[in-house]
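See structure below.
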Amino acid sequence: MHRDGGGPLWHSHVFQSSVAFAFITVIDVPDLVPQFLNVPYSVTVNEHTTVGQTVFQVQAIDPDTGVNDKIRFKIQNSNVPDLFEIDEESGNILVKTIFDREDLLYMNAVVKLQVLASETKPNVYGTISNTTTDVQINIGDINDNKPRFYNCQPECNFKEEVRHFRGITNEQSSVGVPVGDLNIIARDLDEGVNSRFELHLQGPDKDAFSVSPPWAISSSPVQIFIRNPSDVDYEKKKTMIVEIVAIDTSKTADCCSTAVVTIQIKDINDNNPAFKNETYYLEVDEHSRTGKVVATITAIDPDTEDVGKITYRLLPESILKYFDVNPKSGRIKVKNNRLLDREVRAVYSATLQAIDSAENMGTTVLEITLNDINDKIPTMARDSYIGFVKEESNAELQLQIQAFDGDEPGTDNSEIKYKIEKSHFSGNFSINARTGLLKNKGPLDRESIEATANGVIQLNVTASDMGHPSLSSWVTVTINVEDMNDNTPTFKSPSYEFYVSESEKGIFVGSVFAHDMDQTEMNNRISFRIADGSFGNFLIIAYSKGKDQGYMGNITVDPDIALDYEQHRMSYNLKIEATDLGQKSDVVLVTVNVMDVNDECPTFPHVMIMNVKENTTGLGEVGHIVGVDVDTNHSLIYKLLTSSCRCSGIMGPCEEEWFKLETTGAVVVNEKFVIDYEMCDQVQMEVQAVDVFTEKGENHSIPEKLTIYIDDINDNIPRFIISETLFVVVTEGTEKGTEVARVAANDLDSGKNMKIKFEVLAVEIIYADNRRESMGKIFYAETTTRTNDYLGTIR
């Protein structure tokens, strides 16, 4: 509708408008997923349906009605693959593989398919729209199975059909008594009425038994019962056979299964077991292994029921610690090999019982004798043996070793032989193999024994019996070899060299080491002394026991004396003597080198003088001072402490520092100032040398004076001394040589540089009109020296 802005019309304010109609057509686009029709889907398909047969059809449409895209179908997933397939165009589900319902019982005979419906063209989002739905196919049963027999002992195994069973029953059992040991199940795998079957007996002994139940559906236990007790007689038949027939009455072909049942008839027990002998005499080695069979003794029972079912037992209870019997086989076995010790008990008596299944009993006597074995180890009479002998002595050691064996006397098991086990010193001794008497073969050297052994030789003596296998034990025999003083002290080194620092009173120099092979302190104790040498009573020696069983002599400087390297005693040669208490001795040469220590102060020459000309500038170094340090290892630097100047004959502080002192000792000119002799003629610098390597004591010299004399140079011109008498009047006719005037002059320089000579250079006549005329040399000057200046007399 359109409307204007309004205006007057016939005296009214009116709005004018008009109306138009528009038609909008909405065009459908593919934006919806396919939809399945008539869901959910469920169908029943019988087993063994032929391949390719259509069993169901799924339908789906494109909800985009204006597009109506074509739908394609696909089985996307299945709990049982490859049983069915789908036509992608029509949605028909077809049988792909022949299947058996009974093979699918583990999943309740239900197949679940997940069907995917997809459009063929992309949707507005550029993808292929699709959706899924589930199709449940229930597998229908057909009567394709016959009943079969299975054994359910201990559990039912329906995968394996059983055609033969075995049962057992007593003879003369009553009517209705079930045959034992049967666990039969009859089962038809079909479903419902297809699984109904009937049971009956056939076979040679079918009239003596009956079967239950007569019919069943799907599955049922099957039991055989006594029907005619008189036919079940052990004396007539020990084994009877029947056949159980299961029939599927709704089938004509392949309808039946047969199971053969063999029934063993048990005899009734009415006899006692009996042994062949009233007494059995048995033998077994002592300590035979646990479980070893001593003998197998069985009883005989004419009752067939007891064949293999007789139980054996040993009496009294106390015998069971040693022996036991297998209750089924009658094997007599060793129960505990440790307890069967012939040396404790040699013979055992027991009663063997045989008991049948009816508790009937028979007995016999067992007499078991233990045979001796070599099980006793020879025992030493003592835990250890100790003997004493002096070294290097011809005295004979005799030590009796003795052992006992508990095995049967007079046999190899108890016969003992002795021997010394091989060791470092075993060759020095012998032992009688039968009596055990131990002797030394000759003199012994204590020092050949390890020092840590302290003169002790340890032997191991073994006592072995002659049994098989031989048993043995050993004992330690300790031989103490008494020490004698038969060795001389020996220094460990042929010579010694030590280094010691100077200036240390009582300082340790070094140690010499000596060892005496004797092994007791009485014989190996060593003392030391300085026997000879150029030691000047500066060195002393003391001794102490070392860590390695030797002794050491500790050389030190006398506590009241300090060695001085600078006194040119740089080494000492000593002879050190080591002596034991038996006055046996050894001598060694010792060199003691004195090492220089930086302990001396640097010094200067007593007079240090330099000369420097005045007006010197830009020269740099004008001189060098050098200190002296007698230490071999030193490094000197130099310091300026103070400086003073002599000016006008008076020594005092310098107004200008004309010189500087470098740490190297160089004296350099200070470029900031000019040296002027006329100002000061001498500079004195108080300097000091410092040794930066000083180890001990003061590191600097005492202050010394460096005198620098300023040499004068002729750098000043003579100057006249102003005087009012310089205007003179000379009359004509004055005689030659007459003094007409005097002048005075001086020069600030010194020495020859201050000497002045007067000379008349020119004479002019000045007229009244200021005209000048040279008159030649009509005057001459004479020079006279005065105290501080020079006088020139003009003549």
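Summary table
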| read-out | value |
| --- | --- |
| Mean separation of Cα contacts under 8 Å, 6 or more apart, over the residue count of the range 670-733: relative contact order % | 33 percent |
| Nonlocal Lys pairs with alpha-carbon distance under 19 Å, the range 183-280 (8 or more apart, or different chains) | 7 |
| Sites Ser648 and His624, calculated FRET efficiency, Cβ-Cβ separation with R0 41 Å, nearest 0.05 | 0.85 |
| Sequence-separation-based contact order of the range 457-602, relative, with Cα cut under 8 Å and 6+ spacing, percent | 27 percent |
| Given charges at beta-carbon only (K, R positive; D, E negative), |dipole| of the range 22-122 in Debye | 80 debye |
| FRET efficiency for Lys613 and Ile702, using Cβ-Cβ distance with R0 set to 35 Å, rounded to 0.05 | 0.70 |
| Segment Glu343-Val740, length gained on full extension (0.36 nm per residue, minus Cα span) | 126.0 nm |
| Simple spin-label estimate for Asn371 and Lys660 in nanometres, 7 Å along Cα-Cβ | 11.9 nm |
| Accessible surface ranking that places the most exposed of Phe513, Phe209 first, with a 1.4 angstrom probe | Phe513, Phe209 |
| Packing rank of 774-782, 388-396, where each peptide gets the mean count of other beta carbons within 10 Å, highest leading | 388-396, 774-782 |
| Per-peptide average of other Cβ atoms within 10 Å, ordering 327-338, 10-21 highest first | 327-338, 10-21 |
| Set of lysines near Lys672 by C-alpha distance (under 16 Å), chain-local residues within fewer than 8 positions excluded | Lys660 |
| Antiparallel %, DSSP beta bridges [both residues in the range 254-393], to 5 | 75 percent |
| Length-normalised contact order of the chain in % [C-alpha pairs under 8 Å, at least 6 apart] | 5 percent |
| Dipole of the chain, positive direction: furthest Cα of Tyr125, Ile139, Leu320, with charges on the beta-carbon | Ile139 |
| Distance in nm between pseudo-label sites at Asn485 and Ile241 (7 Å out along the Cβ direction from Cα) | 11.5 nm |
| Test item: Cα-centred dipole of the chain, Lys/Arg +1 and Asp/Glu -1 on Cβ, debye | 1600 debye |
| Antiparallel bridge percentage (DSSP; both residues within the chain; nearest 5) | 80 percent |
| For the chain, accessible area per residue (1.4 Å probe, heavy atoms of protein chains only), Å² | 58 Å² |
| Protection-proxy order for peptides 489-498, 522-531, each taking the mean of Cβ atoms within 10 Å per residue, highest first | 522-531, 489-498 |
| Loop GluC sites (Glu not before Pro), the range 274-321, which have at most 14 other Cβ atoms in a 10 Å radius of their Cβ (DSSP) | Glu278 |
| Charge dipole of the chain about the Cα centre (unit charges at C-beta), most positive-ward option of Ala744, Phe727, Gln59 | Gln59 |
| Share of carbon and sulfur in the accessible heavy-atom surface of the chain [1.4 Å probe, %] | 50 percent |
| Potential extension, Ser212-Ser318 segment - 0.36 nm per residue separation minus Cα distance | 32.7 nm |
| Within the range 296-315, backbone nitrogen closer than 20 Å to the virtual label 7 Å beyond the Cα of Ser329 toward Cβ | 296-301, 307-315 |
| CD proxy at 222 nm, helix term only [per DSSP H run n ≥ 4: -39500 (n - 2.57); per residue of the chain; nearest 500] | 0 deg cm²/dmol |
| Extension gain, Lys755 back to Arg227 (0.36 nm per residue minus Cα-Cα distance, nm) | 171.8 nm |
| Simple label model, 7 Å out from Cα along Cβ direction - Asn92 to Ser42, nm | 2.6 nm |
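The values are calculated or read from the model by the stated rules, or taken from the named source; none is laboratory data. No experiment lies behind these values; they were computed from the predicted model shown. In this analysis, Cβ positions are derived from the backbone assuming ideal geometry, glycine residues included, and neighbour counts consider all displayed protein chains. When the accessible area is computed, the model is the full protein with side chains, heavy atoms only, and any ligands, DNA or RNA have been set aside. Shrake-Rupley method; radii C 1.70, N 1.55, O 1.52, S 1.80 Å.
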